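Asks: Sharing a structure below in structure tokens format, with a few things to ask.
The values are calculated or read from the model by the stated rules, or taken from the named source; none is laboratory data. Computed from a prediction, not measured in an experiment: that's the story for all the values here. Because the Cβ atoms are built from the backbone with ideal geometry, glycine has one as well, and the counts that use them run over all protein chains shown.
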Amino acid sequence: MKRLLAIGEALIDFIPSEHGKAMKQVSSFAPAVGGAPANVCGAYVKLGGMASMITQLGDDPFGDKIADEFALCGIGCEYVKRTRAANTSLAFVALKEDGNREFSFYRKPGADMLMEASDIREDWFGDIFGLHFCSVSLGNFPMKEAHRRAIAYGRQAGAIVSFDPNLRLALWEDPDELKTVVREFAPMAHVIKVSDEELEFITGHTEIKEALPMLLAGETKLVIYTKGSDGAECYTHEASASAPGVKVKAVDTTGAGDGFIGSFLYCLSADGVTADTLDRLTEEQMRRYLAFANKFCAKSVMGHGAIASYPTKEEME
């Protein structure tokens with residue numbers, strides 16, 4: 001299988017020791033390696049693929065922790081830069097009584113935000129399967145232009161470009177700025193994953209079929225619509241499919257959406273799907289990929305953390 005690259009934030013998630021409490025009420029937090037693009041790499045690697053992160057870490061102990069865990073789980077660090085200009089990004093997470101997550105980010109700026117377009121080299125993209133990115137690193141700072149260059153190189157190389165908006169409103173002073181940048185970058189991707197919680201914010205529609213004309217635009221050939229425990233749906237210009245969720249008792253949902261897209265991309269890669277053949281996916285193929293990703297998520301949420309909870313290929317079988 002060819003390698004998956006992901007660009008964006010790699011950070012430390014501080015996970016609460018207690019659930020059902022607001023951030024200000026939590027008594028302690030435990031550090032865990034996170035960041036949505038890094039989690040996607042982790043899922044792809046756990047299933048047997050090869051993946052590398054494009055990011056920048058601070059020259060600090062938290063950066064060391066991330067680099068060590070990447071090496072331990074097999075995520076390539078050859079495109080990870082280090083800097084003394086800013087510290088590694090941190091994110092504190094709380095799970096409130098209503099089930100919603102509360103975030104507090106320490107990233108003003110974080111090391112990942114300062115990665116420059118000039119840091120991205122074309123030869124990294126010579127023979128890869130895909131490039132994945134999210135919206136957290138698309139703010140008005142250098143990493144945004146690094147994304148733009150990476151996407152251009154990925155598309156030139158014939159790779160599948162995948163985008164999961166993974167909205168984090170707490171990082172944006174103006175929600176309309178986030179909406180604008182998501183709508184700008186979405187048409188650059190061949191694959192878009194959007195959740196039921198994100199659909200209306202991004203498109204202005206509450207029903208996926210009403211939103212499809214906006215989402216299946218530009219370079220986009222495949223839209224994945226996730227609905228948590230209610231399953232997921234897939235759409236191309238020619239076909240569609242759905243698969244029910246797998247009902248389990250969730251312990252920790254951290255990184256579940258990242259695991260979904262990471263395992264879905266693994267299915268595409270394992271079947272030899274390319275950017276040129278995405279729009280020829282059959283209903284049977286899409287249903288099979290969705291079912292696999294739903295099962296992957298179900299196994300993940302029964303454990304703690306993100307990458308640490310992701311099942312291996314053997315555990316999936």
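Asks: Filter the range 38-77 for residues that are charged (D, E, K, R) and touching a strand residue (DSSP E or B) at 6+ places or on another chain (Cβ under 6 Å) and give the result. First the steps, then the outcome.
Replies: Residues of the range 38-77 charged (D, E, K, R): 46, 59-60, 64-65, 68-69.
Across the range 38-77, the qualifying residues are Asp59, Glu69.
Asks: If Glu200 satisfies every condition in (1) over 30 Å from Ile15 (Cα atoms); (2) free of Cβ contacts under 8 Å to residues at least 12 places away in the same chain; (3) touching a Ser or Thr at 6+ places or on another chain (Cβ under 7 Å) but one, which is the exception?
Replies: (1)
Asks: If you scan the range 43-62, which residues turn out to be β-branched (Val, Ile, Thr) and touching a residue at least 60 places away in the same chain (Cβ under 8 Å)? Spell out how you get there, then give the answer.
Replies: Looking only at the range 43-62, we keep the residues that are β-branched (Val, Ile, Thr), and these are 45, 54-55.
The answer is Ile54, Thr55.
Residue by residue, here is whether (1) surrounded by fewer than 18 Cβ atoms within 10 Å (Cβ to Cβ); (2) within 16 Å of Leu222 (Cα to Cα); (3) β-branched (Val, Ile, Thr) holds:
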position	(1), (2), (3)
Glu145	yes, no, no
Ala150	no, no, no
Glu184	yes, no, no
Val194	no, yes, yes
Glu198	no, no, no
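Asks: I'd like to verify a number: residues in the range 169-182 that are at pLDDT 95 or above and surrounded by fewer than 15 Cβ atoms within 10 Å (Cβ to Cβ), how many?
Replies: Residues in the range 169-182 being at pLDDT 95 or above and surrounded by fewer than 15 Cβ atoms within 10 Å (Cβ to Cβ): 5 in total.
Asks: Based on this model, can you work out whether His190 counts as surrounded by 21 or more Cβ atoms within 10 Å (Cβ to Cβ), in contact with a helix residue (DSSP H, G or I) (Cβ under 8 Å, 6 or more places away or on another chain) and either under 19 Å from Gly272 (Cα atoms) or at pLDDT below 95 (or both)?
Replies: So His190 passes the test.
Asks: Residues being farther than 18 Å from His132 by Cβ, within 19 Å of the chain's Cα centre (by Cα) and hydroxyl-bearing (Ser, Thr, Tyr): count how many of those fall in the range 264-317.
Replies: 2
Asks: Show the residue pairs that are 6+ apart or on different chains and have beta-carbon atoms under 6 Å apart, the first residue being within the range 274-300 and farther than 14 Å from Gly257 by Cα and touching a residue at least 40 places away in the same chain (Cβ under 8 Å), the second being polar (S, T, N, Q) and crowded, with 17+ Cβ neighbours inside 10 Å.
Replies: Asp279/Thr236; Leu281/Thr236
Okay, residues lined up against (1) surrounded by fewer than 19 Cβ atoms within 10 Å (Cβ to Cβ); (2) out of contact with any Gly (no Cβ under 8 Å at 6 or more places or on another chain):
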position: Phe70; (1), (2): no, no
position: Gly76; (1), (2): yes, yes
position: Thr88; (1), (2): no, no
position: Ala91; (1), (2): no, no
position: Arg107; (1), (2): no, yes
position: Gly110; (1), (2): no, no
position: Ile120; (1), (2): no, yes
position: Asp123; (1), (2): yes, yes
position: Val136; (1), (2): no, no
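Asks: If you take the residues of the range 249-259 that are part of a helix (DSSP H, G or I) and in contact with a Ser or Thr (Cβ under 8 Å, 6 or more places away or on another chain), which of them is surrounded by the most Cβ atoms within 10 Å (Cβ to Cβ)?
Replies: Applying the filter and picking the extreme gives Gly259.
Asks: Next question, about the same structure. Just give me the residues in the range 293-309 being under 23 Å from Ser52 (Cβ atoms) and at pLDDT 95 or above, in sequence order.
Replies: Ala293, Phe296
Asks: Name the residues in the range 9-35 that are part of a loop (DSSP other than H, G, I, E, B), buried (at least 21 other Cβ atoms within 10 Å of the Cβ) and among the acidic types (Asp, Glu), would you?
Replies: If the condition is that a residue be part of a loop (DSSP other than H, G, I, E, B), buried (at least 21 other Cβ atoms within 10 Å of the Cβ) and among the acidic types (Asp, Glu), then Glu9 is the only one that fits.
Asks: Ok, one more. Please determine, by comparing only the residues of the range 260-317 that are outside any helix (DSSP H, G or I) and either at positive phi or in contact with a His (Cβ under 6 Å, 6 or more places away or on another chain) (or both), which one is surrounded by the fewest Cβ atoms within 10 Å (Cβ to Cβ).
Replies: Gly272
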